[in-house]
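Novice: Okay, handing you the structure first.
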Amino acid sequence: MTDHASTPGPAVHQKIDTSVPHSARIWNYWLGGKDNYPVDEEAGDAYTAVFPGIVTIARSSRAFLRRNITYLVAEAGIRQFLDVGTGLPTADNTHEVAQRIAPETRIVYVDNDPLVLAHARALLYSTPQGATAYVEANVLDPDRILEAAAATLDLTRPTGLILSNILGHVADYDQARSIVNRLMGALPSGSFLSINDGSRGIDPVFEQAQDAYNESGAVPYNLRTVDQITAFFDGLELIEPGVVSVPFWRPDSDSPAPQLVGEHGGLARKP
């Protein structure tokens, strides 16, 4: 196995549509990245005009993921990750955080946006001791994801499954839960599930901005209640402090006091 591989899906040659805003590119824009188009900046600016706090949510989400991965590698001993819906590369990508601590860690990134895959193949290189691979697949096809991931990961060993801001793109809640159950069901005891998603019932201005975004022609993203997000972890052992607004999940000791945002997440172990 090489330390840098890609597994194209059936749509690998699809054209990148620069006329329609795309959530991964808008998220990249909010994080301060450059991998986006004018249509994404326009959609991002329209959103922040209604709700400037989305930039804080995006950056809090990224920091939450970094702390999750640090815990999994440094404290739980996880050495392989399946990151579904990875988005465009920015700072502190999954393999960068993990391999700084354990260079032998292996990571499979999954996305179905050709721009994301193109940038991942160009920029996300593994350490010599570990491996990274890139799979073009849709979160709606968990069997395809698992089949492709098995080319790089040993799915009989504990694995960290990351679903960061991706389940909101699955409109049907029962289907979203089914996807989580299918992916976690294929992983052994000692594996972990990390989820964070936009939450409803926290900030009505955020909800107003998201509703307007969903009507813009972009792929909709569905906010969910904290109880719904928590239910994704049913049958698993939540790591303290459980499912919380993401700045409150094990904040760094030198960080400012956390503030409540409309994004909740947690980390749980499969018994």
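Novice: Hey, can you tell me all the residues within the stretch 37-70 that are more than 23 Å from His264 (Cβ to Cβ), buried (at least 17 other Cβ atoms within 10 Å of the Cβ) and free of Cβ contacts under 8 Å to residues at least 24 places away in the same chain?
Specialist: Of everything in the stretch 37-70, those that are more than 23 Å from His264 (Cβ to Cβ), buried (at least 17 other Cβ atoms within 10 Å of the Cβ) and free of Cβ contacts under 8 Å to residues at least 24 places away in the same chain turn out to be Tyr37, Val39, Asp40.
Novice: Same structure, new question: So which residues in the stretch 71-118 are surrounded by fewer than 19 Cβ atoms within 10 Å (Cβ to Cβ) and hydrophobic (A, V, I, L, M, F, W, C)?
Specialist: Correct list: Ala74, Ala76, Ala91, Ile101, Ala102, Ala118.
Novice: Sticking with this one: Within the bounds of the stretch 183-201, is there any residue that is touching a helix residue (DSSP H, G or I) at 6+ places or on another chain (Cβ under 6 Å), part of a helix (DSSP H, G or I) and in contact (Cβ under 8 Å) with a residue 24 or more places away in the chain?
Specialist: Yes, because at least one residue in the stretch 183-201 is touching a helix residue (DSSP H, G or I) at 6+ places or on another chain (Cβ under 6 Å), part of a helix (DSSP H, G or I) and in contact (Cβ under 8 Å) with a residue 24 or more places away in the chain.
Novice: Does Asp234 fit the bill of being of a type in the set (D, E, K, R), under 26 Å from Ala24 (Cβ atoms) and either in contact (Cβ under 8 Å) with a residue 40 or more places away in the chain or outside any helix (DSSP H, G or I) (or both)?
Specialist: no
Novice: Restricting attention to the stretch 18-31, and to residues there that are touching a residue at least 24 places away in the same chain (Cβ under 8 Å) and farther than 17 Å from Ser164 by Cα, which single residue is surrounded by the fewest Cβ atoms within 10 Å (Cβ to Cβ)?
Specialist: Top of the filtered list is Val20.
Novice: Here's a follow-up. Give me the residue from the stretch 203-223 that is outside any helix (DSSP H, G or I) and in contact with a strand residue (DSSP E or B) (Cβ under 7 Å, 6 or more places away or on another chain) and, out of that set, modelled with the highest pLDDT.
Specialist: If we take residues in the stretch 203-223 being outside any helix (DSSP H, G or I) and in contact with a strand residue (DSSP E or B) (Cβ under 7 Å, 6 or more places away or on another chain), then Leu223 is modelled with the highest pLDDT.
Novice: Name every residue in the stretch 46-57 that is in a helix (DSSP H, G or I) and modelled with pLDDT under 90, in order of residue number.
Specialist: Result: Ala46, Tyr47, Thr48, Ala49, Val50, Ile54, Val55.
Novice: Identify the single condition in (1) surrounded by fewer than 21 Cβ atoms within 10 Å (Cβ to Cβ); (2) within 30 Å of Glu147 (Cα to Cα) that Ser191 does not satisfy, given that it satisfies every other one.
Specialist: Going through (1) surrounded by fewer than 21 Cβ atoms within 10 Å (Cβ to Cβ); (2) within 30 Å of Glu147 (Cα to Cα) one by one, Ser191 breaks only (1).
Novice: While we're looking at this one, here's another question. Kindly indicate whether any position in the stretch 202-217 is over 26 Å from Val55 (Cα atoms) and exposed (fewer than 14 other Cβ atoms within 10 Å of the Cβ).
Specialist: Checked against the condition, which is being over 26 Å from Val55 (Cα atoms) and exposed (fewer than 14 other Cβ atoms within 10 Å of the Cβ), the stretch 202-217 yields no hits at all.
The values are calculated or read from the model by the stated rules, or taken from the named source; none is laboratory data. Only a predicted model underlies this, so the values are computations on that prediction, with no experimental measurement involved. FYI the Cβ positions are ideal-geometry reconstructions off the backbone, even for glycines, and counts take in every protein chain you see.
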